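The values are calculated or read from the model by the stated rules, or taken from the named source; none is laboratory data. In this text, all values refer to a predicted model and were calculated from it rather than measured experimentally. Neighbour counts run over all protein chains shown; Cβ positions are idealised from the backbone, glycine included. These accessible areas exclude ligands, DNA and RNA; they are computed on the full protein's heavy atoms, side chains included. Shrake-Rupley method; radii C 1.70, N 1.55, O 1.52, S 1.80 Å.
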Amino acid sequence: MYSYEIERLLKIKNYLISYSDYSNIIATSPQIDHVRYDKNNDIFELNTDDRYTLKFKVKVKNK
């Protein structure tokens, strides 16, 4: 999954994605440089080698 595809998915899902979507992004994107998690704001920040910075949340399943 390329950076522009990740950005499009995040926009469609209003920057709140499922764990399945998150796993798919991590597993299939050759451009991810690093991912950071801000526990204070519960936000992931993903940076790519083609200079995208994407911020989003991941849904937590209720037990």
For region 22-35, state whether one or more residues are surrounded by 12 or more Cβ atoms within 10 Å (Cβ to Cβ), in contact (Cβ under 8 Å) with a residue 40 or more places away in the chain and among the hydrophobic types (A, V, I, L, M, F, W, C).
-> no
If a residue has to be assigned to a strand (DSSP E or B), under 15 Å from residue 9 (Cα atoms) and open to solvent by less than 100 Å² (accessible area, probe 1.4 Å) to count, how many in region 48-62 make the cut?
-> 5
Name the pairs whose Cβ atoms lie under 7 Å apart, with the first residue in region 44-58 and farther than 12 Å from residue 7 by Cβ and at pLDDT 95 or above, the second surrounded by fewer than 16 Cβ atoms within 10 Å (Cβ to Cβ) and acidic (Asp, Glu), and 6 or more positions between them or separate chains?
-> 45/38; 47/33; 49/33; 57/42
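For residue 45, indicate whether it is in a strand (DSSP E or B), touching a strand residue (DSSP E or B) at 6+ places or on another chain (Cβ under 9 Å) and surrounded by 13 or more Cβ atoms within 10 Å (Cβ to Cβ). Before you say what the answer is, go through the steps one by one.
Working: in a strand (DSSP E or B): yes; touching a strand residue (DSSP E or B) at 6+ places or on another chain (Cβ under 9 Å): yes; surrounded by 13 or more Cβ atoms within 10 Å (Cβ to Cβ): yes.
So residue 45 passes the test.
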Could you check, for region 2-10, whether at least one of its residues is aromatic (Phe, Trp, Tyr), out of contact with any strand residue (DSSP E or B) (no Cβ under 8 Å at 6 or more places or on another chain), part of a loop (DSSP other than H, G, I, E, B) and open to solvent by 100 Å² or more (accessible area, probe 1.4 Å)?
-> yes
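Quick one: how many residues across region 11-21 are polar (S, T, N, Q) and open to solvent by 40 Å² or more (accessible area, probe 1.4 Å)?
Pass one, region 11-21, residues polar (S, T, N, Q): 14, 18, 20.
Narrowing the set further to residues that are open to solvent by 40 Å² or more (accessible area, probe 1.4 Å) leaves 14, 20.
Final tally of qualifying residues: 2.
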